[in-house]
Amino acid sequence: MSAKEMRDFCGQKDATYFKTTIIDTLIEGGLVAMTQPDSPKSPTQKYYLTEMGKALLNNK
């Protein structure tokens, strides 16, 4: 899903805050990954749950 879709889902309005605080933290933690890791600022960048992220959701 795109960063905007993630932001809308979470109810966040500030794109910069959401990217630096939420998305980047999830990527560093290995829970989310980029579909285009060589182009992190691509306008078509999407994000997906890693196996670790899926496992965390399944263990809630």
Meets criteria (in contact with a helix residue (DSSP H, G or I) (Cβ under 9 Å, 6 or more places away or on another chain), among the charged types (D, E, K, R) and either surrounded by 11 or more Cβ atoms within 10 Å (Cβ to Cβ) or not in a loop (DSSP other than H, G, I, E, B) (or both)) for Lys54: no
Take Leu49 and decide whether it is at pLDDT 95 or above and open to solvent by 50 Å² or more (accessible area, probe 1.4 Å). yes
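The values are calculated or read from the model by the stated rules, or taken from the named source; none is laboratory data. A quick note: this is a predicted structure, and the numbers were derived from the prediction, not measured. No Cβ is skipped: glycine too gets one built from the backbone with ideal geometry, and neighbour counts run over all protein chains shown. Ligands, DNA and RNA are stripped out before the accessible areas are found, and what is left, the full protein with its side chains, is counted by its heavy atoms. Shrake-Rupley method; radii C 1.70, N 1.55, O 1.52, S 1.80 Å.
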